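Below: the structure, in structure tokens.
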Amino acid sequence: MSTSTRSLGLLAEVLFVGVLVCVASVFVVTALAAAAAGSVLLTRVVAGGRTPTVRRFLREFRVALAHPVAVLAPAGLVLVGGIDVVAVLGGLPGGRAFGAVLGVVLAALLAAGLRAAAGWRPGRRWPEVLASAGRETVLDWRGSAGLVAAIVVVAVVVGQAPAFAVVAPGLLVLAAVAVRARERR
């Protein structure tokens, strides 16, 4: 298979996984498990060229949702982040400075979540995966900065062209898988 054909195939698989992750993340609290299932599929695509299927995605998604932390972590992030954003927008004294700090913290938490999704595999428990991702987020600051840059770029693209929201999760999952692969080399 030629390089250009393989590149187009990889692009199509990333976009397909992005649609699957987007649909599975509709309820927001399932986003971590959906990203984890997507990362398992993309890791297999990159490692051995195994084409992702809906059946494989659903199987991995079900396994990822089995532990309650997979739902509680995104729910806690949304709850705490939402309250903080409302406080800043509501005129909290020192809100501008707090808003900047809040932005950095939320970006770091999203990067840690992407790292956790890329690090999860069936058989691994979410508390250990999240703890490891938190450590990696701090220790590998270059990879974390890359993930934050990916988050910002995807947010800007989706802000400019909302139709890309359907495939954007696949691009973020691919970025997380790439950062994880870079760590292992």
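The values are calculated or read from the model by the stated rules, or taken from the named source; none is laboratory data. From a predicted model like this one, the values you see are computed outputs, not experimental measurements. Don't worry about glycine lacking a Cβ; one is built from the backbone with ideal geometry, like all the others, and counts go over all protein chains shown. Ligands, DNA and RNA are stripped out before the accessible areas are found, and what is left, the full protein with its side chains, is counted by its heavy atoms. Shrake-Rupley method; radii C 1.70, N 1.55, O 1.52, S 1.80 Å.
If I ask for residues that are open to solvent by less than 70 Å² (accessible area, probe 1.4 Å) and under 14 Å from Ala111 (Cβ atoms), which ones from segment 149-171 would you list? Residues satisfying the conditions are Ala149, Ala150, Ile151, Val154, Ala155. With respect to being of a type in the set (A, V, I, L, M), surrounded by 15 or more Cβ atoms within 10 Å (Cβ to Cβ), touching a residue at least 12 places away in the same chain (Cβ under 8 Å) and under 15 Å from Val14 (Cβ atoms), Val88 falls outside the description. Taken together, the residues in segment 47-72 that are part of a helix (DSSP H, G or I) and farther than 16 Å from Val21 by Cβ amount to 4.
Residue by residue, here is whether (1) farther than 17 Å from Phe61 by Cα; (2) in contact (Cβ under 8 Å) with a residue 40 or more places away in the chain; (3) touching a strand residue (DSSP E or B) at 6+ places or on another chain (Cβ under 8 Å) holds:
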{"position": "Arg121", "(1), (2), (3)": "no, yes, no"}
{"position": "Trp126", "(1), (2), (3)": "no, yes, no"}
{"position": "Ser132", "(1), (2), (3)": "yes, no, no"}
{"position": "Glu136", "(1), (2), (3)": "yes, yes, no"}
{"position": "Ser144", "(1), (2), (3)": "yes, no, no"}
{"position": "Ala149", "(1), (2), (3)": "yes, no, no"}
{"position": "Pro162", "(1), (2), (3)": "yes, no, no"}
{"position": "Ala168", "(1), (2), (3)": "yes, yes, no"}
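Here the condition is being modelled with pLDDT of 90 or more and either over 16 Å from Arg180 (Cα atoms) or open to solvent by 40 Å² or more (accessible area, probe 1.4 Å) (or both); of Trp126, Trp120, it holds for Trp126 alone.
Yes or no, residue by residue, for (1) of a type in the set (Gly, Ala, Ser); (2) in contact with a Leu (Cβ under 6 Å, 6 or more places away or on another chain); (3) farther than 23 Å from Leu65 by Cα:
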residue	(1), (2), (3)
Leu114	no, yes, no
Trp120	no, no, no
Arg125	no, no, no
Ser132	yes, no, no
Val153	no, no, yes
Ala163	yes, no, yes
Arg180	no, no, no
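Taking every residue in segment 50-68 that is without any contact (Cβ under 8 Å) to a residue 24 or more places away in the chain and pairing it with any residue that is open to solvent by 70 Å² or more (accessible area, probe 1.4 Å) and part of a helix (DSSP H, G or I), at least 6 positions away or on another chain, the pairs with Cβ-Cβ distances below 8 Å are Arg50/Arg44.
The rows are residues; the columns are (1) at pLDDT below 90; (2) under 14 Å from the mean Cα position of the chain (by Cα); (3) aliphatic (A, V, I, L, M).
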| site | (1), (2), (3) |
| --- | --- |
| Ser39 | no, yes, no |
| Gly49 | yes, no, no |
| Val88 | yes, no, yes |
| Leu92 | yes, no, yes |
| Ala97 | yes, no, yes |
| Leu106 | yes, yes, yes |
| Ala111 | no, yes, yes |
| Arg115 | no, yes, no |
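Per the listing Val104, Val40, the residue uniquely under 20 Å from Ala175 (Cβ atoms), buried (at least 18 other Cβ atoms within 10 Å of the Cβ) and β-branched (Val, Ile, Thr) is Val40.
Among the residues of segment 132-148, those identified as over 13 Å from the mean Cα position of the chain (by Cα), surrounded by fewer than 20 Cβ atoms within 10 Å (Cβ to Cβ) and either among the β-branched types (Val, Ile, Thr) or over 24 Å from Ala24 (Cβ atoms) (or both) are Arg135, Val138, Leu139, Asp140, Trp141, Arg142, Ala145. Count of segment 17-31 residues, restricted to those that are open to solvent by 20 Å² or more (accessible area, probe 1.4 Å), farther than 13 Å from Arg55 by Cα and either assigned to a helix (DSSP H, G or I) or of a type in the set (Phe, Trp, Tyr) (or both), is 5.
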